[in-house]
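The values are calculated or read from the model by the stated rules, or taken from the named source; none is laboratory data. Since the structure is predicted, the reported quantities are computational estimates derived from the model, not experimental observations. Note: ideal-geometry Cβ built from the backbone for every residue, glycine included; neighbour counts use all protein chains shown. SASA here: full protein model, heavy atoms, side chains in, ligands and nucleic acids out. Shrake-Rupley method; radii C 1.70, N 1.55, O 1.52, S 1.80 Å.
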Amino acid sequence: ISKYAVVINIIDKFLDTRNNDNIGVSIFGTFAFVASSITYDFDILRQMLHNTSANIAGQNTAIGEGLKVAIDILKQTKSKSKVIILLTDGYHNSGTISPQEAVMYAQKENIKIYTVGIGKDGTYDKKLLDTISHNTNGKSFSATNAENLENVFKELDKLEPSKIKSPLYLDKTRLYIYFLFISI
């Protein structure tokens with residue numbers, strides 16, 4: 001199983017814990033794009049994620065553009081809490097927007113960024129990820145294997161708890177009795 005498939009499966013499990021969240025997905029590589037706008041429909045998100053591949057956006061790493069696309073998605077919401085989880089296994093080496101510019105946009109929109117470096121030290125820019133999360137009041141994580149990544153998402157779940165979605169309430173007041181009484 002590929003590293004990408006492991007990540008997708010762990011994200012899939014994480015979605016199960018996010019009961020009352022709107023979640024969107026941006027994907028970045030050489031370029032960045034919106035894979036899913038903000039939605040409550042996690043089944044669609046899962047289907048979309050499982051139908052992507054590691055290099056769908058190219059072989060490079062445009063962290064700045066990936067963040068900017070995610071920020072643009074979040075700007076459209078009226079949510080009080082706006083969070084980006086940035087997952088990467090590379091160094092910023094592509095795109096027209098620097099990570100520093102993206103951080104300024106995030107600060108302006110009051111968006112918190114949690115960063116997750118995937119792989120061994122040196123395979124991604126830990127210093128950059130630490131700076132991004134620090135400057136947006138987030139936290140930086142490292143994951144060298146699937147177990148580490150699952151623990152990161154458990155920690156994220158604690159740091160950004162989701163309100164429990166209340167069960168659907170249907171008012172079943174029987175009004176027909178009034179019409180029955182009037183008709184009698």
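Are any of the residues in the stretch 95-104 surrounded by 17 or more Cβ atoms within 10 Å (Cβ to Cβ), out of contact with any helix residue (DSSP H, G or I) (no Cβ under 6 Å at 6 or more places or on another chain) and among the polar types (S, T, N, Q)?
no
Quickly run through the stretch 1-19 and pick out the residues that are of a type in the set (A, V, I, L, M) and open to solvent by 70 Å² or more (accessible area, probe 1.4 Å). I'd like the intermediate steps shown before the answer.
Pass one, the stretch 1-19, residues of a type in the set (A, V, I, L, M): 1, 5-8, 10-11, 15.
If the condition is that a residue be of a type in the set (A, V, I, L, M) and open to solvent by 70 Å² or more (accessible area, probe 1.4 Å), then 1 is the only one that fits.
Can you list the helices (runs of 4 or more DSSP H) lying wholly within the stretch 1-89 that have 3 or more residues being more than 22 Å from residue 134 (Cα to Cα)?
Working: elements: 3-17, 42-50, 63-75.
So the answer is 3-17, 42-50.
What single numbered condition from (1) of a type in the set (Phe, Trp, Tyr); (2) open to solvent by less than 90 Å² (accessible area, probe 1.4 Å); (3) more than 14 Å from the chain's Cα centre (by Cα) fails to hold for residue 91?
For residue 91, the exception is condition (2).
Using the structure shown, decide if residue 28 is within 20 Å of residue 4 (Cβ to Cβ), out of contact with any strand residue (DSSP E or B) (no Cβ under 6 Å at 6 or more places or on another chain) and crowded, with 21+ Cβ neighbours inside 10 Å.
Working: within 20 Å of residue 4 (Cβ to Cβ): yes; out of contact with any strand residue (DSSP E or B) (no Cβ under 6 Å at 6 or more places or on another chain): yes; crowded, with 21+ Cβ neighbours inside 10 Å: yes.
So residue 28 passes the test.
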